[in-house]
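Here's the structure we're looking at; comments come further down.
Every number here is computed from the coordinates shown, using simple stated rules; none is lab data. Nothing here was measured: the structure is a model prediction, and the numbers come from that model. Cβ sites come from the backbone with ideal geometry, for glycine too, and all protein chains shown count toward neighbours.
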Amino acid sequence: MSFTVAIVGRPNVGKSTLFNRLVGKKLALVDDTPGVTRDRRPGDARLIDLKFRIVDTAGLEEAAPDTLQGRMRAQTEAAIDEADLSLFVVDAKMGLTPVDEALADMLRRKGKPVVLVANKSEARGSDGGFYDAFTLGLGEPTAISAEHGQGMLDLRDAIVAAIGEDRAYPEDDEAVTDIDVRAEVAAEDEDYEPEYDETKPLRVAIVGRPNAGKSTLINRFLGEDRLLTGPEAGITRDSISVEWDWKGRTIKMFDTAGMRRKAKVQEKLEKLSVADGLRAIRFAETVVIVFDSTIPFEKQDLQIVDLVLREGRAAVLAFNKWDLIDDPQAALAELREKTERLLPQARGIRAVPVSGQTGRGLDKLMQAVIETDRTWNRRISTAKLNRWLDAQQTQHPPPAVSGRRLKLKYMTQVKARPPGFMISCTRPDALPDSYVRFLTNGLRNDFNLPGVPIRIHFRASENPFAGRAKKKR
């Protein structure tokens with residue numbers, strides 16, 4: 001992207017609505033409640049023929065540094081410092097407030113380009129607020145309606161004038177690189193097993209109950225206070241993505257809102273936050289479920305793990321706040337026993353004790369994430385699977401149903417991410433669940449597939465004589 005733009009303003013002036021309009025997606029949570037946005041949310045914006053990086057920020061308020069609002073303000077000021085241009089959004093419908101004037105003074109002191117945006121200009125009686133914006137001393141305001149998409153062309157012109165045409169439209173001098181085209185392996189090559197790509201960017205979502213330390217953990221990975229943290233539960237609302245490198249590999253990590261029991265989620269805003277977190281899980285490849293080591297294995301913890309596995313994601317457990325445990329050896333043994341007993345559907349799932357405060361165990365956690373992703377992408381050759389299937393039937397034949405023996409004829413892997421298999425058999429509807437579990441556990445143990453969901457689909461073999469009428473003698 002050619003330049004970065006930060007959207008700033010006091011709470012409830014429509015910053016997130018404008019952010020969603022510019023990125024073309026409903027990424028940021030929008031609600032009538034002031035102060036919905038708390039963290040910096042980046043996105044790739046497109047405005048007519050302009051392409052740039054956009055950052056949604058929390059509403060600026062005057063507050064003490066040690067309060068939640070004070071920490072939100074520090075995050076917003078950091079976004080302004082990093083950006084090349086600020087869109088200062090005011091509410092033309094409501095008019096100016098003393099907070100707007102204070103923010104205008106702060107932006108002038110920063111000494112960076114500012115575009116004054118008068119939002120909600122489609123409302124009746126907004127002309128007074130539009131003309132009042134001239135008194136801020138930041139130039140002519142641009143009248144827009146972020147909700148209805150009005151005034152976007154004028155906004156484009158104002159951004160170009162503020163940032164300069166050279167920055168707004170940089171020459172694309174990147175050389176065209178050759179596309180690496182890999183020939184597809186023929187279907188009849190039953191011994192083919194593709195290698196795991198160590199260089200591919202990895203998407204990781206961090207989920208868990210409120211106040212488990214998810215944002216603190218990500219800040220420790222990044223080595224900076226990128227995400228808003230504090231003793232208050234439920235600080236994170238939007239699913240915020242951050243990128244960083246771990247041993248030369250790009251990691252895109254998503255911080256999500258804490259997930260409480262469904263019965264306790266009553267407010268609309270919290271429902272939106274949880275829905276945003278669920279979308280992050282579906283978008284991610286590996287999901288790290290953060291447990292509070294001081295109170296692990298709450299019912300909600302187990303439900304979150306089950307949700308992640310049902311979505312087909314690769315899962316890793318992180319027992320956070322390990323620095324608060326008095327007897328680590330005894331606690332670790334207890335956690336291992338509970339993991340095996342309470343999560344039988346995720347047998348062999350990797351679990352790592354960590355501390356977001358001290359940074360302990362973070363390298364081990366990332367190594368577990370990489371290994372789990374490798375397993376999640378695993379493909380097994382058809383030849384190996386059929387030899388394994390023959391051995392399983394020899395050692396433990398399928399049961400007879402209604403006096404007729406079931407026979408498993410052929411097996412192949414139809415997909416990865418997660419591993420999915422198809423078995424051709426007689427009467428698949430009659431195969432008991434106990435034998436399906438036997439095959440699933442056998443695959444997990446014999447092919448080293450710990451902690452990832454395994455899908456097995458059964459299909460009746462085709463009868464070549466089906467549908468033919470009997471010949472009359």
- Item | Principal axis box of the stretch 202-376, alpha-carbon based, largest edge first, Å | 42, 40, 33
- Taking every DSSP beta bridge that has both residues in the stretch 202-376, what percent is antiparallel when rounded to the nearest 5? 25
- Scan around ILE456 for amide H atoms under 5 Å from its own, H built in the peptide plane at 1.01 Å from N, and keep only partners 5 or more places away or cross-chain. PHE421
- Message: Test of understanding: ordering ASP127, ASP292 by Cβ neighbours within 10 Å, fewest first, what list do you get?
- Response: ASP127, ASP292
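Here are some pairs, LYS299/LYS338; LYS25/LYS252; LYS247/LYS415; LYS214/LYS299; which of them have Cα atoms lying more than 22 Å apart in this structure? Walk me through the numbers before you get to the answer.
Details: LYS299/LYS338 13 Å; LYS25/LYS252 19 Å; LYS247/LYS415 29 Å; LYS214/LYS299 18 Å.
Listed pairs above 22 Å: LYS247/LYS415.
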- Query: Ranking ILE144, ILE423 by Cβ neighbours within 10 Å, fewest first, what do you get?
  - Reply: ILE423, ILE144
- Message: Just to check, using Stokes-Einstein with a Kirkwood Rh over alpha carbon pairs, what's the diffusion coefficient of the chain at 10 °C and 1.306 mPa s in µm²/s?
- Response: 62
- Message: Out of all DSSP beta bridges in the stretch 4-168, what portion is antiparallel? Express it as a percent rounded to 5.
- Response: 35
- Counting other C-beta atoms within 10 Å, which of THR382, THR199 has the fewest, and how do the rest follow? THR199, THR382
